[in-house]
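Comments concern the structure below.
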Amino acid sequence: MRKNRLLTAFFLCSAIGLVGCQPDQRKDTEQSSVASKPAIFSYSSSESTATSEEVAEKPANELMFENTSYNYDVVTGATQTTFGSNPKPLYTYEEKLKKMFWSNQPPLGLLEGNYFTNDGYFDVGNHGIVEIVTDDTNKIINVEFNEYGAENYYASKYAGANKRLSDYAFFQAQNPRTDTTLVTVVNGITFVEKQMREENRITGNFETVKGSSTTAREGLMAIAAELSDEIKQPSKTRYIGYAEDFGDGLIGRLQLTVTDGKIDSARYDEYFADQPEKIVADQLKKYYRQSKYYSLEYNEATNNEFVAFSDGLTKAIVDQQALTIENSELTKYPSYASYQKLIKHISL
């Protein structure tokens with residue numbers, strides 16, 4: 001009997017010891033909770049429904065802005081950067097792309113008004129530019145930020161690159177440092193732009209996206225705030241721009257600035273759709289959320305042909321002071337037909 005009791009006690013203690021050796025279930029639960037974090041955007045609202053005809057029929061400054069609904073973690077001050085950290089990945093890259101979303105879409109339609117711009121350097125030498133267009137009542141119609149990587153950027157591919165319209169955001173998405181926030185610099189940029197536009201101000205405090213708040217507050221917002229007095233007055237320079245969704249997964253955009261009746265700058269670009277399935281040409285789908293002019297990989301694959309066309313076209317516009325160009329080399333390039341669709345809606 002005593003022997004049976006000792007055996008029973010031995011097995012009971014062994015069972016307790018084995019239970020104590022099991023992994024900490026709380027840690028598994030915590031990681032599962034993080035890994036199951038929902039997407040930061042709503043699928044139902046990320047689809048554009050307006051046709052190019054509907055956009056074309058609207059008068060100046062009745063623009064169509066990309067209207068995805070996001071579920072950001074927002075802050076009202078700068079947050080500590082995670083740069084230099086090496087966190088353990090929570091997702092595969094494919095899993096993250098299903099949870100993340102950012103848009104490269106410019107406002108569609110005709111945009112006209114007073115033009116203001118400012119630029120500056122911040123952080124480790126990144127170059128920030130802000131462009132603001134107001135109407136004749138000094139109401140802000142559009143705010144647009146762009147950021148370019150420092151010339152000594154640690155990832156040399158992106159030195160001097162446009163972070164918004166290249167594949168830089170995808171580079172960020174591959175980094176485990178964005179696993180908890182699920183946002184890129186483009187999310188931070190567009191979130192602040194929307195607030196400035198809707199609240200008709202460029203100074204004061206704004207909410208910023210956790211994970212990209214430092215860039216916004218110490219860089220782009222500060223650059224914009226320097227224009228606070230200037231935008232209250234009419235500008236000597238007028239902005240005239242038109243953007244249209246061509247329906248094949250490309251958006252064309254022409255931007256002009258005019259001073260004293262003279263065109264002093266012109267820009268032409270074509271933006272790839274935010275969703276690859278909207279891009280008709282299979283060979284172009286991989287460039288989604290980028291633009292032809294600023295996509296590093298597209299230009300490498302095409303030997304910078306579009307950049308050469310765009311630079312030649314915009315130079316001809318300024319030189320000839322006209323939108324209809326007399327240059328056989330330019331007019332035979334495929335994108336010239338797309339450009340012609342846009343100039344029908346612009347009157348100088």
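Taking label points 7 Å from Cα along the Cα-to-Cβ direction, Thr259 and Asn205 give a separation of 3.8 nm. Taken as Cα centroids, the range 201-272 and the range 326-348 sit 23 Å apart, rounded to the nearest whole angstrom. The shape of the range 193-348 comes out oblate: with a ≥ b ≥ c from the C-alpha gyration tensor, a/c is at least 1.5 while a/b does not beat b/c. Taking a ≥ b ≥ c as the square roots of the eigenvalues of the alpha-carbon gyration tensor, the range 218-297 is classed prolate because a/c is 1.5 or more and a/b outweighs b/c.
If you count Lys pairs in the range 136-223 whose Cα atoms are under 27 Å apart, skipping same-chain pairs closer than 8 places in sequence, the total is 5. Amide H contacts of Asn61 (H built 1.01 Å from N, in plane; Pro and chain starts excluded): Leu110, Leu111, Glu112 sit under 5 Å, all sequence-distant by 5 or more or on other chains. What you get for the range 63-181, charging only the Cβ of Lys and Arg (+1) and of Asp and Glu (-1), is a dipole of about 560 debye around the Cα centre.
With only Lys, Arg, Asp and Glu charged, each at its Cβ (+1 for the first two, -1 for the last two), find how big the charge dipole of the range 139-256 is about the Cα centre; round to the nearest 20 debye.
Computed about the Cα centre, the dipole is about 160 debye.
Let me check I've understood the local charge: for Leu97, count other residues with C-beta under 15 angstrom from its C-beta, Lys and Arg +1, Asp and Glu -1. What total comes out?
Values: positive: Lys37, Lys96, Lys98, Lys99, Lys285, Lys286, Arg289; negative: Glu94, Glu95, Asp167, Asp179, Asp274, Glu277.
Value of the local net charge: +1.
Here each label is just a point 7 Å from Cα along the line to Cβ, and for Ala60 and Thr302 those points are 3.1 nm apart. Here the label points at Lys344 and Gln321, each 7 Å from Cα along the C-beta direction, are separated by 2.8 nm in the simple model. Considering only Cα-Cα distances, which of the following residue pairs are longer than 30 Å: Lys278/Lys341; Lys236/Lys332; Lys96/Lys285? In this structure, Lys236/Lys332 lie more than 30 Å apart at Cα.
Pairs of alpha-carbon atoms within less than 8 angstrom and 6+ residues apart define the contacts here; what relative contact order does the range 165-218 have, in percent?
Numbers: 36 pairs, mean separation 18.6, N = 54.
Rounded, it is 34 percent for the range 165-218.
Think of the range 122-238 as a dipole: +1 on every Lys or Arg Cβ, -1 on every Asp or Glu Cβ, centred on the Cα centre; then among Val186, Pro234, Tyr148, Val186 lies furthest on the positive end. In this structure, the amide hydrogen of Asn67, modeled 1.01 Å from its nitrogen in the peptide plane, lies closer than 5 angstrom to no residue at least 5 positions away or on a different chain. Among the chymotrypsin sites (Phe, Trp or Tyr not before Pro) in the range 111-168, those placed in a DSSP loop whose Cβ has at most 12 other Cβ atoms within 10 Å are Tyr154. Other residues within the sphere of radius under 14 Å centred on the Cβ of Thr259, judged by their own Cβ, net out at +1 (K and R +1, D and E -1).
Computed over protein heavy atoms with a 1.4 angstrom probe, the accessible surface ordering of Asp167, Asp229, largest first, is Asp229, Asp167.
The values are calculated or read from the model by the stated rules, or taken from the named source; none is laboratory data. Just so it is clear, the model here is predicted, and its values are computed rather than measured. We place every Cβ from the backbone using ideal geometry, glycine too, and count neighbours over all the protein chains shown. Remember, those area values only see protein heavy atoms, side chains included, never the ligands or the DNA or RNA. Shrake-Rupley method; radii C 1.70, N 1.55, O 1.52, S 1.80 Å.
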